[in-house]
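The block underneath contains the structure these notes are about, expressed in structure tokens.
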Amino acid sequence: MRREIVVNAASREKRVAIVEDRKLVELMHERPDERRIVGDIYLGVVEAIVPGLQAAFVDIGGEKSAFLHASDLQPDLDDDDDEGNGKNATPGGRGRGRSGRGRARPSGRGRSRRDRTYPPIQDVISKGEQLLVQVTKEPIGTKGARVTTQVSLPGRFLVYMPSSDHVGISRKIDDREERARLRKMAREILKEGDGGVIIRTVGEELTKKTFEGELTSLKKSWDKAGRRAQGMKAPALVYQDARLTSGMIRDLFNDRIDLLTVDSADLHHEIKSYLGQVDPELLDRVKLYSGQAPIFDEFGIEEEIRRAFRRKVDLPSGGHIVIEQTEALVSIDVNTGRYTGKKDPSKTIFKTNSDAAVEIARQLRLRDVGGIIVIDFIDMDDEDSRQKIYHQMKTLLGRDRARSKVFAISELGLLQLSRQRMSPSLHQRMMEPCPYCEGTGRILAPETVVRRVERALHRVSTAGKERGLTLLTHPVIALHLLEKEREFLDGQRRHLGIALEVRDNPLLGLDEFRLLAHPADADVTHKYVLS
């Protein structure tokens, strides 16, 4: 599989696209007014302790207090760690690691955090206490950020954990001899009180010299943060993690990436300077884009982004999927659409479901959808076919940097999975709720609006105060009255005994109307707006 990173660096926005086999699979962006805080370290103040939740709320200076669970006060260490905590992921909040707090680990990885016992949080910390915490999850919706006291600093090859003596190796380094070599080298270098480390995937074949150099650099960063914290008054920012582009180079650009193309000469120089120090072998994979067309247009990425906001996604076979995001979960429906296959219906269904599995895995990454996801595959009578789709989904999601857990397809044909949610989804980051439908995605039909107008007219006439009214509506509703309900206005005039005229106003919502008393400059105004 060919993997590429494409960077568009405009004055007010930087965008990073990850492309696999010419298809967009991930999109990250950064704007000056939208600072990401995952990975940042704060000196916070405990505002409240909730024993019933075994959690505390910590003021870190944001709009909402951060959430600190009892499990985030304790080390969470296995013999084989991933890349590190989610706070060490690329800015934007995504990355594999121990950040799926509260989620059960995949089978075979030991006890989950949910199954472990922790000291009561009220016995460990107290209200008003100052804590050094690190953000592991961005604020999402009405929820504040999630934080941990288990601070770690990511480097190119290592994740440094100052309050631990643990040595972990990325699970993606699967050679046993290499794992043993790296662990032995780390143990020999680390002295008592130095802290612990996790060796990242790009640290395979790491040399002692490189290890010592990066460890020294990370320890200096930690010492500097500690000195800053001593002179600060909480809440305060102590350490700021790398921003989008620098974090992307640090965390994502490795020998598994075939090409990195950037459209900014300054950023191109910055990337090559950094790689020249840490990984010179990757220098020939960095390219400065010099084309006339915008870089995202040239790579076909802009159109892919536009499609990522649609509910319906077409499949190569002719079928389609429909993605609906709600407050509690995300539902995905699979349909054959115009694809009818040839002869065997079961093969048609399996082909559609298989195509859907590929597209769903891509859309989850692209839209950065997290939490609970329910997929309604087309019913398959054959158990073998259901198992194939289940294993296909697990394999496809294995490419995802966000952790996920897939459950077997139920008797109703539903596949459930959970995906690590570290930041707002693409929709939440780049869209706002519609002011007309208030985010429901639906508005009242013209016939329904006219019926509401009718009831409003009756309420006004019952009061007996008005003898003439002007109805202000959106042009679409006014056109509906003139074309499809011509008799409505005459009927209302006769029945209610009032003079009634209609005017259109494009500034009104499609399901909003106003009734104005005659004369037009009268003080009495009746406004009926949908609640």
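The values are calculated or read from the model by the stated rules, or taken from the named source; none is laboratory data. Keep in mind it's a predicted model, so treat the numbers as computed, not measured. Because the Cβ atoms are built from the backbone with ideal geometry, glycine has one as well, and the counts that use them run over all protein chains shown. Protein only, heavy atoms only, side chains kept; ligands, DNA and RNA dropped before computing areas. Shrake-Rupley method; radii C 1.70, N 1.55, O 1.52, S 1.80 Å.
Set side by side, the residues LYS184, LYS191, LYS219 differ, and just one is in a loop (DSSP other than H, G, I, E, B) and out of contact with any strand residue (DSSP E or B) (no Cβ under 6 Å at 6 or more places or on another chain), which is LYS191. Per this entry, LEU237 is not counted among residues that are touching a residue at least 60 places away in the same chain (Cβ under 8 Å), open to solvent by less than 30 Å² (accessible area, probe 1.4 Å) and not β-branched (Val, Ile, Thr). Within the stretch 385-397, none of the residues are assigned to a strand (DSSP E or B), touching a helix residue (DSSP H, G or I) at 6+ places or on another chain (Cβ under 7 Å) and surrounded by 18 or more Cβ atoms within 10 Å (Cβ to Cβ). Output yes when any residue across the stretch 240-250 is modelled with pLDDT of 90 or more and either part of a helix (DSSP H, G or I) or among the β-branched types (Val, Ile, Thr) (or both), and no when none is. The answer is no; no qualifying residue exists.
For the stretch 276-318, the tally of residues that are surrounded by 15 or more Cβ atoms within 10 Å (Cβ to Cβ) and modelled with pLDDT under 90 stands at 4. Of all the criteria given as (1) in contact (Cβ under 8 Å) with a residue 24 or more places away in the chain; (2) closer than 22 Å to ASN505 by Cβ, the one not satisfied by ARG429 is (2). Here the condition is being of a type in the set (Gly, Ala, Ser), at pLDDT below 90 and farther than 26 Å from SER317 by Cα; of GLY371, GLY439, it holds for GLY439 alone.
Of all residues in the stretch 474-493, those that are among the small types (Gly, Ala, Ser) have Cβ atoms under 6 Å from Cβ atoms of residues that are open to solvent by less than 80 Å² (accessible area, probe 1.4 Å), 6 or more apart or on another chain, in ALA478/VAL502. Once the stretch 251-263 is narrowed to residues that are farther than 13 Å from VAL19 by Cα and at pLDDT 90 or above, the residue that is surrounded by the fewest Cβ atoms within 10 Å (Cβ to Cβ) is ASP263. For the stretch 115-175, the strands (runs of 3 or more DSSP E) that sit wholly inside it and include 1 or more residues that are in contact with a Lys or Arg (Cβ under 9 Å, 6 or more places away or on another chain), of a type in the set (Gly, Ala, Ser) and in contact (Cβ under 8 Å) with a residue 12 or more places away in the chain are 167-169.
Quick one: in the stretch 434-463, which of the residues that are charged (D, E, K, R) and not in a loop (DSSP other than H, G, I, E, B) is least open to solvent (accessible area, probe 1.4 Å)? Among residues in the stretch 434-463 that are charged (D, E, K, R) and not in a loop (DSSP other than H, G, I, E, B), the one least open to solvent (accessible area, probe 1.4 Å) is GLU454. Residues in the stretch 405-433 that are within 26 Å of LEU27 (Cα to Cα), open to solvent by less than 50 Å² (accessible area, probe 1.4 Å) and outside any helix (DSSP H, G or I): VAL406, LEU415, LEU417, SER418, ARG419, GLN420, MET422, SER423, PRO424, SER425. Within the stretch 200-213, being surrounded by fewer than 19 Cβ atoms within 10 Å (Cβ to Cβ) and either on the phi > 0 side of the Ramachandran plot or part of a helix (DSSP H, G or I) (or both) holds for THR201, GLU205, LYS208, LYS209, THR210, GLU212, GLY213. The set of residues in the stretch 487-506 that are open to solvent by 80 Å² or more (accessible area, probe 1.4 Å), modelled with pLDDT of 90 or more and of a type outside the set (Asp, Glu) comprises ARG503, PRO506. Flag: ILE360 does not match the condition of being assigned to a strand (DSSP E or B), modelled with pLDDT of 90 or more and open to solvent by less than 60 Å² (accessible area, probe 1.4 Å). Scan the stretch 34-71 for residues that are in a strand (DSSP E or B) and either open to solvent by 10 Å² or more (accessible area, probe 1.4 Å) or closer than 16 Å to VAL124 by Cβ (or both) and the total you get is 18. Within the stretch 149-199, the set of residues being of a type in the set (Lys, Arg) and open to solvent by 10 Å² or more (accessible area, probe 1.4 Å) comprises ARG171, LYS172, ARG176, ARG179, ARG181, ARG183, LYS184, ARG187, LYS191. Of all the listed residues (SER385, SER410, SER418), the sole one being among the small types (Gly, Ala, Ser) and under 23 Å from ARG146 (Cα atoms) is SER418.
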